[in-house]
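Coordinate-derived values only; no laboratory data. This one's a predicted model, so the numbers in the text were calculated from it and none came from an experiment. A quick note on method: Cβ atoms are made from the backbone with ideal geometry, for glycine too, and the neighbour counts reach across all protein chains shown.
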Amino acid sequence: MKNLLFTLALLVTLNSFGQTAKEYYEKAETKSSNKDYYGAIADLTKAAELGMDFAFFKRGVAKNDLNDVEGALKDFTTYINKGGKYVWVFRERANIYFEKEMFQESLEDYLSSITVDPNEEFVSHPYYSIGHCRAALGDMDGACEDWKKSSEKGNKFAADDLLKHCN
């Protein structure tokens, strides 16, 4: 029995030894798809330790899915501070800031998401959200301008807000 346990422990150790960041990342993606967020976080931590900066973004998403908002913010910020330029990291962090009523920070991140990729497919969304940030900050003229941009790009919610709140 001792030999069997030793052999199993050795196999597990050897199996995990030498895995690449990409392999950990791929395992994490599978776990995340199966809603095993804790397992995904563990694998993404290993991928990040092996130098995959994008793992910080994905780990932040998994933490956010577990309602670990502070952990998600920390990971999103780490990814950005490491030079990460991915549209969705700014939007994810902006959403959290908005929920925490940190409207100026939220506004800055939504603006950054547009700067990173002004032609991104869902570019109407940040303009819509920017409008809500500006409204929360008391800038209704700016909010109406952003809702108009969002509406022109096909966002029906922005069109509704234009009718409700703007001349």
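Here are the numbers for this structure:
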item	result
Between 0 and 90°, nearest 10: helix 140-152 axis offset from the chain longest Cα axis	70 degrees
Listed residue (118, 80, 163) projecting farthest to the positive dipole end of the chain, Cβ model	80
Long-range Cα-Cα pairs in segment 19-84 (distance over 15 Å), rounded percent	42 percent
At 1.567 mPa s and 4 °C, Stokes D of segment 85-167 from Kirkwood alpha-carbon radius, µm² per second	105 µm²/s
Simple Cβ-charge dipole of segment 85-167, Lys/Arg +1 and Asp/Glu -1, about Cα centre, in debye nearest 20	120 debye
Ranking of 69, 123 by count of other Cβ atoms within 10 Å, fewest first	69, 123
Residue pairs, from the table 31/156; 35/100; 74/153; 46/100; 100/148, whose Cα atoms sit over 28 Å apart	31/156; 74/153; 46/100
Charge-dipole axis of the chain as Lys and Arg at +1 and Asp and Glu at -1 on Cβ define it, positive-most pick from 66, 96, 128	66
Note, ³J(HN,Hα) from phi for segment 117-129, Karplus 6.51, -1.76, 1.60, rounded to Hz, x at Gly and Pro	8, x, 9, 4, 3, 9, 5, 5, 4, x, 5, 4, 5
